[in-house]
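Taking it in order: structure first as structure tokens, then the write-up.
The values are calculated or read from the model by the stated rules, or taken from the named source; none is laboratory data. What you are looking at is a predicted structure, and each value in this text was computed from that prediction instead of being measured. Every residue, glycine among them, receives a Cβ derived from its backbone with ideal geometry; neighbour counts consider all protein chains shown.
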Amino acid sequence: MTLHTHCRGPIRVVDAPDGHDVTIEGRLDVHSVPDVRDVIHVQINAPDRPIFQAMLFSKIVPNCKKLGLLDAADGWLRDRFTELGVIQFEDWVDTGEEYAMLDEVAKDRAAGAAAY
């Protein structure tokens, strides 16, 4: 996991009790949080994290498949998504199809054209 801090060099957290190795770089305002490591581990262990991850990857994985990225580079990305347990989303609707289904303006135009 990599976070970005505000004008500081990389900080490597090696004492992560939950086994996650955390690297912090770039833009996170570390002065507003007493111990950034505590916040990181709260987020990693949040009970709703699996739901958020599933929702996020349900959009990412189908689009990667549409772009041919799942099987590029000897299936490297497919292997990573399988490790994460999100490969089951590969056959879900990609955002292009989803936008077409939700495009009410296009439906109105088609209905108007059919009426004439």
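Those helices (runs of 4 or more DSSP H) of segment 59-116 in which at least 1 residues are farther than 26 Å from residue 49 by Cα and hydrophobic (A, V, I, L, M, F, W, C), considering only elements entirely within it, cover 95-102, 104-115.
Residue-wise test of (1) exposed (fewer than 12 other Cβ atoms within 10 Å of the Cβ); (2) among the hydrophobic types (A, V, I, L, M, F, W, C); (3) at pLDDT 90 or above; (4) more than 16 Å from the chain's Cα centre (by Cα).
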site	(1), (2), (3), (4)
7	yes, yes, no, yes
18	yes, no, no, yes
41	no, no, no, yes
44	no, yes, no, no
67	yes, yes, yes, yes
82	no, no, yes, no
107	no, no, no, yes
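Assess whether residue 98 counts as being free of Cβ contacts under 8 Å to residues at least 24 places away in the same chain and within 15 Å of the chain's Cα centre (by Cα). No, not satisfied.
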